[in-house]
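All remarks here apply to the structure that follows.
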Amino acid sequence: MIIKCPECGHQVSDLAETCPSCGIAIAGKILKCPHCGGTMLAAQHVCPNCLNTVRQSTNQQSAPSTAPVQQQEQPEPAGNNEQEPQKKNTRHGWLATLIIALVIALGVSFVGYYFYQHTQAQNEQYAYENAMQSSEPAVLQNFLDIYTAAPQAHRDSVMAHMEQLKLIDMEWQNAVRSQSKSALLKYMQLHPESVHVTEAKLLVDSLDWIQAANQNTLESYKTYMETHNDGLHYDDAKLNYDKLNDRVVTPLEEQMISSLFNTYFNSLAKDDEPGLLSTLNTVIRTFFNRQDVTKADVIQYMKKLHEAEDISSMNFLLNNDWKIDKIENIDTGEMEYSVTFSVDQRIDRSDPNQERLATYKVSAKVTPEGKIVDINMKKVVKQ
């Protein structure tokens, strides 16, 4: 009889020693399932076709047979007494499988839920720590909006932190409105981690710069640069400092100015033409409020001082009340010296009715080369 090989499914004679396809033993090694009629190995206890348990006699399991498969089949059990336990066993097997599957499903669900809850708790803890370390109210409000089911202790702490930030913000607003450097410095000292610290530093920088610019002195600019070496106005302060510093008259320059005017007035007193000319610039802009004066005009002025016949001698005494500044010549861009001082004139003469003593207020300008380019004199005391 031709049957299907229970191992590989190929057709084979039930009298063949082995399956020509897979090599499994056939003759005397197979039987028909009493439940579904399918072919199965005699050594199997469960039919691979219907999964029912097949009871076999000892002789069938141990002794090989060369009889056809039909001769080895066991007769169907008579009555319902033997089939009932098999059906019960089958139902019990499916029920056990179902219960095991449900237990596994519940276990997987429980484990998944546990890990989900654990992950949520970790996320909430991280968000809480981040909120408590933040000085941004928006970060704290975001925590409250997202983690509505967070532990009440966490929510209370975050809300308390928000209230504290509101108080700090109010202090900041008051400091800004005051426009007080001391108030801004106090705020930075009390709240070094505040988001407004950078803004406060900029405001202090601006206030110090305004003060320095209003004073417009070397000391004020120097103080600003030392206090704000990375300030927004550092370059402006340095530029103004250098400009003012360029206008500072050094002791050497003061000595040069003093020597220049001593020579000028001594030359006038002695009627010394070469000495007088050595003090004058090539072009004299003003002389006794006259413009475009030549050196010859100055020499003529000196001659008039000595033309009176009763004058025996004359001298000028500089009072050393110097005021010397450096100013920029708009036309040339060079720095000139602006000089003011007073000088006393003493005249020895025979006529008692003529002037003997006089004090003059002198204003002059001197070139960088040390030559008088402007000079005017105004008599302030007459005796």
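Descriptive notes on the structure:
- Checking N320, N266, N262 one by one, the residue that is assigned to a loop (DSSP other than H, G, I, E, B), open to solvent by 30 Å² or more (accessible area, probe 1.4 Å) and of a type in the set (S, T, N, Q) is N320 and no other.
- Any chance E84 is part of a loop (DSSP other than H, G, I, E, B) and modelled with pLDDT under 80: no
- Selection status of E129, of a type in the set (D, E), surrounded by 13 or more Cβ atoms within 10 Å (Cβ to Cβ), modelled with pLDDT of 70 or more and within 30 Å of K166 (Cβ to Cβ): no
- For beta carbons closer than 9 Å, sequence separation of 6+ or different chains, a first residue in region 227-238 that is part of a loop (DSSP other than H, G, I, E, B) and a second that is of a type in the set (F, W, Y) and surrounded by 14 or more Cβ atoms within 10 Å (Cβ to Cβ), the qualifying pairs are H228/W209; H228/Y234; G231/W209; G231/Y224; L232/W209; H233/W209; H233/Y224.
- Matching residues in region 328-364 - criterion: being open to solvent by 60 Å² or more (accessible area, probe 1.4 Å) and either on the phi > 0 side of the Ramachandran plot or in a strand (DSSP E or B) (or both): E328, R346, D348, K361
- Sole residue being open to solvent by 90 Å² or more (accessible area, probe 1.4 Å), in a helix (DSSP H, G or I) and β-branched (V, I, T), chosen from T198, T223: T198
- Restricting region 236-259 to residues that are out of contact with any His (no Cβ under 9 Å at 6 or more places or on another chain) and among the small types (G, A, S) leaves a set whose member that is least open to solvent (accessible area, probe 1.4 Å) is S258.
- T217 being of a type in the set (S, T, N, Q), farther than 30 Å from E171 by Cα and surrounded by 13 or more Cβ atoms within 10 Å (Cβ to Cβ): yes
- Pairing residues of region 112-129 that are of a type in the set (D, E, K, R) with residues that are open to solvent by less than 80 Å² (accessible area, probe 1.4 Å) and at pLDDT 80 or above, at Cβ distances under 7 Å and at least 6 apart in sequence or on separate chains, gives E124/Y147; E124/A150.
- Note on region 112-136: residues that are assigned to a helix (DSSP H, G or I) and within 25 Å of the chain's Cα centre (by Cα) total 8.
Residue-wise test of (1) modelled with pLDDT under 95; (2) more than 17 Å from I375 (Cβ to Cβ); (3) in contact with a His (Cβ under 9 Å, 6 or more places away or on another chain).
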site	(1), (2), (3)
D292	yes, no, no
A308	yes, yes, no
I311	yes, yes, no
L318	no, no, no
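The values are calculated or read from the model by the stated rules, or taken from the named source; none is laboratory data. Computed from a predicted structure; not experimentally measured. As a convention, Cβ positions derive from the backbone with ideal geometry for all residues, glycine included, and neighbour counts pool all protein chains shown. In case anyone asks, the SASA skips ligands and DNA or RNA and just uses the protein heavy atoms, side chains included. Shrake-Rupley method; radii C 1.70, N 1.55, O 1.52, S 1.80 Å.
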